[in-house]
Amino acid sequence: MFERYTEKARRVIFFARYEASQFGSPYIETEHLLLGLLREDHALANRFLRAHTSVETIRRQIEERTTARDKTSTSVDLPLSQECKRVLAYSADEAERLSHRHIGTEHLLLGLLREDKSFAAEILHERGLRLSKVREELMGTKSQRVPESRAPATSLLAELSRDLTQAALDNEFEPLIEREHELESAIRALSRRTRNNVILVGERGVGKRSIVHGIAQRMVSGSVPAQLEGKRLLAVDLAPTLAVTGGGEQLEARVIGVLKELNEPANLIVYIEDLVIQAGGRTLLNAADLLKPLLTEGEIQCIAATTPDEWRQWKEDERWLREQFNAVKVEPPNEATALKVLAAVIPRYEHFHAVVYTAETLHYAVRLSQLYIKDRFLPDKAIDLLDEAGAAVAMGASGLPEDLAEAQKQARVARSKMENSIANHEFEKARVYSDEERAIRENVRRLRAKYNLTPASAVTVDDIEAAVAHLTGVPIATIRQERSGGGAEAS
C-alpha cells in the first residue's frame, strides 16, 4: 500500500499509529496523522505553521477533545479510519496534480486539508492554513524542490558537518540567555551585501557556540532579514581530517575538497569553530588560508570563533581577515547571568545523570568556579563543575538493588534498539521495542516504590566541593574553610 511513499511519509504513518495507541484509539484518526506529520517533518511544520504552534500545544488540544481511554499496545496493528483512508487517497491525488512520482509529507498535509470536516483540518484551519494557499506555494516551489536522492552519506561534507538549522528545528538547543546584543550584531553583519562574514571574539567558555545556536534558532523561526531567509547554517569540524590524513599535502587536498563542496549551494552559511588547529606548538591546519580565495571572492559565507589574543595577532599578520570578517565581541557573563544560563541547561544534565540540582548547588557552583578556576570563564567552568558532581553522584548511586539495576539497564537497551530500528526504517521492530521499553519502565517504577527510592539522587554542596577538589587539586578542607567563613583564597 505504501510503495510510493517516501521514507519520511512512511515514518509519519508509523508515528500516527504510535500516537493512536497512546490515546487508546481503536483507529488511526486524522489527528494522529497530523501529530505524526509534525513529529517527523519539522521543516514542513515550520514552513507553514512558523512559530504559531507546536506538537505539544496541538497534542493538548487533541487531548481536550478526546475521550480518555487506556493505552493500546503498540504491537496491535490499528486500522485506518475512513477519514484517514480518504486523506491518503487525496495525498496520492495531490502528488499526481503536482507531477511528483512519490507521495511525501507535503502531500499528506494537502490530504489533511482536503478532508476539511476532519478534526485535523479544523486544527490547521484555526492556524491559518488553507488548501489553495498551501497548494499554490508548493506548486510555486516545485522547481526548487530538493530531490529525494541526496548526496551520498560518504561525501566529505556529510562526514564532517552538522546541520545546525535542522538541529534548531528539532529543538536540540537551549534558549540563548541575555546575548541579544551579540546576536543582533551577528545577524546584521550576516545580512550585509559585502563583508558579510562574522567572527565571534571571546575567551574560551563564554558561550560563543551558544550564539551560533541562537542564530540557527532565529533562522528557522523566520525572525531574520530577507537576505537570510531559507538559508542553512552548517557547522563544519575540520579536526577529524587530521586523524585520517595526519597532515601535509594530503590533509590540504582533503580540506580543499570539503571547501569546494561547501561552495556548491548558494544558501549555505558555514560555521568553523577552529580556523587554526595546533598541537605541540606547531600548526597542523590553517583553515583561514584555505578559505581565503573563497572569502575574498565572496563565494562562501562564514561564521568563525576565536579568542581575543588570537584575533589581535591575526589582525596584525593577516590583514585580509580583518577586511572580510566583522568582529563581534563576546564578554564573559556576570554571575547573575551565568546562573540564568545554568538554570536553562541543567535539565539536560539532570536527565543524563539521573540526579537533581537545587538552586543552592547552582549558586555554589558559580561561586566556587570563580574562586578556584582562574584559567577559564563563566558559564562553562560552572557547568563543568555541575557535570563532574553529577557524574560522581550517579556513580555513588550505583549500589542499587541488583534487580533494579538490571531493569534500568534493560530499559536503556530497549530504548537504544527502538531508536536504531526507527533510524533504519524497521518500523515493525521499533513497535516491539517501544512496547518492551514501556513495560520495563513500569517495572522500574514498581521496584523503586518497593525499595522506597526517590526517582533521582540530589547533588549537594558537598558534591560541588568534591568536584572542585578533583578538578583543581585544591584540598577539600581548604574549600570547606571558605564555606564556613574562613575566607580562604583560591590558590
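Taking segment 370-410 as the range and being more than 27 Å from the chain's Cα centre (by Cα), in a helix (DSSP H, G or I) and at pLDDT 70 or above as the test, the residues that pass are 370, 371, 372, 402, 403, 404, 405, 406, 407. Can we say residue 77 is modelled with pLDDT under 80 and surrounded by 18 or more Cβ atoms within 10 Å (Cβ to Cβ)? Answer is no for this residue. Inside segment 116-130, can you point out the residues that are assigned to a loop (DSSP other than H, G, I, E, B) and at pLDDT below 90? 116, 117, 127, 128, 129, 130 - these are the residues of segment 116-130 that are assigned to a loop (DSSP other than H, G, I, E, B) and at pLDDT below 90. In segment 162-190, the residues that are surrounded by 18 or more Cβ atoms within 10 Å (Cβ to Cβ) reach residues that are assigned to a loop (DSSP other than H, G, I, E, B) and among the small types (Gly, Ala, Ser) with C-beta atoms within less than 8 angstrom, at least six apart or across chains, in these pairs: 179/207.
Can you work out which of the residues in segment 290-304 that are part of a helix (DSSP H, G or I) and touching a strand residue (DSSP E or B) at 6+ places or on another chain (Cβ under 9 Å) is modelled with the highest pLDDT? Here the answer is 295.
Of all residues in segment 225-250, which are among the β-branched types (Val, Ile, Thr) and either at pLDDT 55 or above or open to solvent by less than 20 Å² (accessible area, probe 1.4 Å) (or both)?
236, 241
Among the residues of segment 362-384, those identified as open to solvent by less than 20 Å² (accessible area, probe 1.4 Å), out of contact with any Leu (no Cβ under 7 Å at 6 or more places or on another chain) and not aliphatic (A, V, I, L, M) are 364, 372, 381. Residue count for segment 90-114, restricted to those that are modelled with pLDDT of 90 or more and farther than 12 Å from residue 5 by Cα: 7.
Scan segment 371-388 and tell me whether some residue there is in contact (Cβ under 8 Å) with a residue 12 or more places away in the chain and in contact with a strand residue (DSSP E or B) (Cβ under 8 Å, 6 or more places away or on another chain). Taking every residue of segment 371-388 in turn, at least one turns out to be in contact (Cβ under 8 Å) with a residue 12 or more places away in the chain and in contact with a strand residue (DSSP E or B) (Cβ under 8 Å, 6 or more places away or on another chain). Of the set (1) touching a strand residue (DSSP E or B) at 6+ places or on another chain (Cβ under 6 Å); (2) modelled with pLDDT under 85, all apply to residue 38 but (1). If you check 339, 321 for being out of contact with any Asp or Glu (no Cβ under 8 Å at 6 or more places or on another chain) and closer than 21 Å to residue 188 by Cβ, only one passes: 321. Screening the candidates 474, 413, 459 for the property of being under 30 Å from residue 370 (Cβ atoms), within 29 Å of the chain's Cα centre (by Cα), at pLDDT 80 or above and β-branched (Val, Ile, Thr) yields one hit, 459. Among the conditions (1) at pLDDT 80 or above; (2) of a type outside the set (Phe, Trp, Tyr); (3) under 14 Å from residue 187 (Cβ atoms), residue 222 misses just one, which is (1). Return the residues of segment 91-121 that are of a type in the set (D, E, K, R) and more than 17 Å from residue 81 (Cα to Cα); say none if nothing qualifies. Residues satisfying the conditions are 93, 94, 96, 97, 101, 106. Is there a residue being within 26 Å of the chain's Cα centre (by Cα), at pLDDT 90 or above and under 20 Å from residue 461 (Cα atoms) anywhere in segment 322-334? No: zero hits. Is it the case that residue 307 is over 22 Å from residue 174 (Cβ atoms), over 22 Å from the mean Cα position of the chain (by Cα) and touching a residue at least 12 places away in the same chain (Cβ under 8 Å)? It is true that residue 307 is over 22 Å from residue 174 (Cβ atoms), over 22 Å from the mean Cα position of the chain (by Cα) and touching a residue at least 12 places away in the same chain (Cβ under 8 Å).
The values are calculated or read from the model by the stated rules, or taken from the named source; none is laboratory data. Because the structure is predicted, anything quoted here is derived from the model rather than measured. Quick reminder, even Gly has a Cβ in these numbers, built from the backbone with ideal geometry, and neighbours come from all protein chains shown. Ligands, DNA and RNA are excluded from the accessible area calculation, which covers all protein heavy atoms including side chains. Shrake-Rupley method; radii C 1.70, N 1.55, O 1.52, S 1.80 Å.
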